[in-house]
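The values are calculated or read from the model by the stated rules, or taken from the named source; none is laboratory data. Note that the coordinates shown come from a computational prediction; the quantities given were computed from them, not determined experimentally. All Cβ positions, even for glycine, are placed from backbone atoms using ideal geometry, and neighbour counts span all protein chains on display.
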Amino acid sequence: MQVIDSDGHLHEPFDLFDRYMEKEFYSMRPRIVDLRDEERDTGRWLVEGRLVPRLPFTKGVGGGGFRYQTPRHEQMKAKHNSLDDNEGRLPEMDRMESDFQIVYPTALVWVFDLENKELAAAVCRAYNNYLAEQCAKAPQRLGGVALVPIQDPAAAAAEARRAVQKLGLNGVVIPGIVGNTPLHAKEFIPFFETMNEIDAPVGFHAVTGMHYTPWADCFTDFFATHVTAMPFSMMVAMMSMVHTGLLKQLPHLRCAFLEIGASWLPYWNWWVGKHIEHVLEPRAGRKESAWGREPYELAPTVHEPGEDILAGRILSGFEGDENLRSIIDQLGSKGFMYASDYPHSDMDWDRVQAIKGSEALTGAEKADLLGGNARRFYNLQI
């Protein structure tokens with residue numbers, strides 16, 4: 001059974017933009033600011049005259065930056081957890097019994113907040129070039145998803161096409177909402193049409209504070225922000241996908257919702273279904289206004305996300321302590337895939353062994369969870 005990790009990460013090397021930024025934008029490249037002192041071992045990126053990532057909380061991991069001392073986890077050996085040290089990463093994948101890993105960024109999701117759209121596109125190109133170059137050194141073990149400047153949908157579509165078709169990357173990652181604009185807004189439709197055309201997946205990845213979300217400032221501590229902002233952003237993204245019928249209209253579009261577990265999906269499927277029955281169906285075929293907004297016509301393609309989960313069009317990672325038997329009984333096994341979150345501090349090393357040894361799951365279900373679903377989702381030829 002081939003094990004595919006659908007959501008690993010790298011820690012971006014501090015000299016990435018010194019090495020990969022295009023000449024035209026080199027003077028504007030993001031730089032690391034050293035914030036180390038007796039109490040902190042951190043740094044932040046300086047870009048557009050401000051420090052990023054934007055962290056609304058005053059306390060939390062590293063006091064709001066990146067640790068200079070690595071690895072973060074005492075059991076890790078790979079230096080800096082970037083892709084500059086694959087000789088350190090690959091043995092740790094072996095230890096987790098992971099044959100192949102899809103790599104997502106960590107800090108650079110602040111690119112979605114950049115005001116200069118041309119600079120945002122240049123940052124994405126530099127990162128994607130680095131990612132593709134490093135993955136190509138171990139093509140049977142590593143793949144990656146591209147950053148795209150989603151605040152400029154046309155540029156995002158162009159970079160997605162380049163990253164997938166020319167660089168050989170395996171999809172893209174975008175936030176669940178762009179500023180205050182949901183992803184079902186008209187300006188984003190051509191981007192999703194491009195993803196459908198090139199048959200490449202979209203990874204919606206939950207983050208806390210790394211980029212702006214409308215609700216991230218409700219709390220001033222890491223715990224409360226992490227508990228609320230991460231699932232909210234994914235629920236908003238999923239609503240954008242099913243409310244507008246994008247998945248019905250674009251047959252090759254596939255979406256993953258990552259780093260918030262899978263237990264929320266049975267609830268969310270029930271909650272959407274309840275509203276279809278009690279809100280949409282009684283009002284079908286008529287326009288109405290809500291809370292003073294402009295009248296709207298209810299979309300005929302709204303559906304429960306469970307349809308797409310069962311079909312393997314919507315997928316989710318899962319955590320090691322979730323009741324997978326219950327989740328699969330409700331939504332099948334085609335919508336879930338192993339995601340380690342390596343090398344972040346809340347990962348666990350033994351999840352694959354636990355799945356393989358589970359008496360509650362069938363052999364076919366284990367094959368789906370540990371590799372089959374991820375292979376289909378990322379269109380892997382390994």
Check your understanding: Can you find a residue in segment 262-282 that is out of contact with any Asp or Glu (no Cβ under 7 Å at 6 or more places or on another chain), assigned to a loop (DSSP other than H, G, I, E, B), β-branched (Val, Ile, Thr) and under 30 Å from Ile328 (Cα atoms)?
Key -> no
Check your understanding: Which one of the conditions (1) surrounded by 16 or more Cβ atoms within 10 Å (Cβ to Cβ); (2) of a type outside the set (Asp, Glu); (3) more than 16 Å from Ala262 (Cβ to Cβ); (4) modelled with pLDDT of 95 or more does Leu370 fail to meet, given that it meets all the rest?
Key -> (3)
Review point. Quick one: how many residues across segment 325-359 are modelled with pLDDT under 95, charged (D, E, K, R) and buried (at least 20 other Cβ atoms within 10 Å of the Cβ)?
Key: 1
Check your understanding: Going by the conditions given, is Met76 among the aliphatic types (A, V, I, L, M) and at pLDDT 90 or above?
Key -> no
Study note, to complete from the structure: By residue number, the members of segment 6-25 that are over 16 Å from Asn81 (Cα atoms) and touching a helix residue (DSSP H, G or I) at 6+ places or on another chain (Cβ under 8 Å) are Ser6, Phe17, Arg19, Tyr20, Met21, Glu22, Glu24, Phe25
Exercise for review: Output the residues belonging to segment 190-202 that are in a helix (DSSP H, G or I) and touching a residue at least 40 places away in the same chain (Cβ under 8 Å).
Suggested key: Phe191, Phe192, Glu193, Met195, Asn196, Glu197
Check your understanding: Quick one: how many residues across segment 33-50 are in a loop (DSSP other than H, G, I, E, B) and at pLDDT 70 or above?
Key -> 3
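So, Glu159, is that one acidic (Asp, Glu) and closer than 24 Å to Thr194 by Cβ or not? Steps first, answer last, please.
Numbers: acidic (Asp, Glu): yes; closer than 24 Å to Thr194 by Cβ: yes.
In short, yes.
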Revision key, fill the gap. Those residues of segment 15-28 which are within 21 Å of Val173 (Cβ to Cβ) and touching a strand residue (DSSP E or B) at 6+ places or on another chain (Cβ under 9 Å) amount to Phe17
Revision key, fill the gap. Inside segment 207-254, the number of residues satisfying the requirement of being in contact with a Pro (Cβ under 7 Å, 6 or more places away or on another chain) and surrounded by 18 or more Cβ atoms within 10 Å (Cβ to Cβ) is 11
Review point. How many residues does segment 247-267 hold that are more than 19 Å from the chain's Cα centre (by Cα) and either within 24 Å of Asn379 (Cβ to Cβ) or in contact (Cβ under 8 Å) with a residue 24 or more places away in the chain (or both)?
Key: 5
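Taking segment 21-32 as the region of interest, how many residues are at pLDDT 90 or above and outside any helix (DSSP H, G or I)? Give the steps one after another, and end with the answer.
If we filter segment 21-32 for residues that are at pLDDT 90 or above, which is where we start, we get 21-31.
Pick out the ones that are also outside any helix (DSSP H, G or I) and you get 21-22, 29-31.
Result for segment 21-32: 5.
Okay, residues lined up against (1) surrounded by fewer than 13 Cβ atoms within 10 Å (Cβ to Cβ); (2) under 30 Å from Leu83 (Cα atoms); (3) out of contact with any Pro (no Cβ under 6 Å at 6 or more places or on another chain); (4) at pLDDT 95 or above:
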residue: Glu297; (1), (2), (3), (4): yes, no, yes, no
residue: Asp308; (1), (2), (3), (4): no, no, yes, no
residue: Leu361; (1), (2), (3), (4): no, no, yes, yes
residue: Arg375; (1), (2), (3), (4): no, yes, yes, yes
Review point. Pairs under 9 Å by beta carbon, first residue in a helix (DSSP H, G or I) in segment 1-20, partner surrounded by fewer than 17 Cβ atoms within 10 Å (Cβ to Cβ), six or more apart or different chains?
Key: Phe17/Tyr26; Phe17/Arg31; Asp18/Tyr26; Asp18/Arg31; Tyr20/Glu133
Exercise for review: Examine segment 108-127 for a residue that is in contact with a strand residue (DSSP E or B) (Cβ under 7 Å, 6 or more places away or on another chain), under 24 Å from Arg375 (Cα atoms) and at pLDDT below 95, and state whether such a residue exists.
Suggested key: no
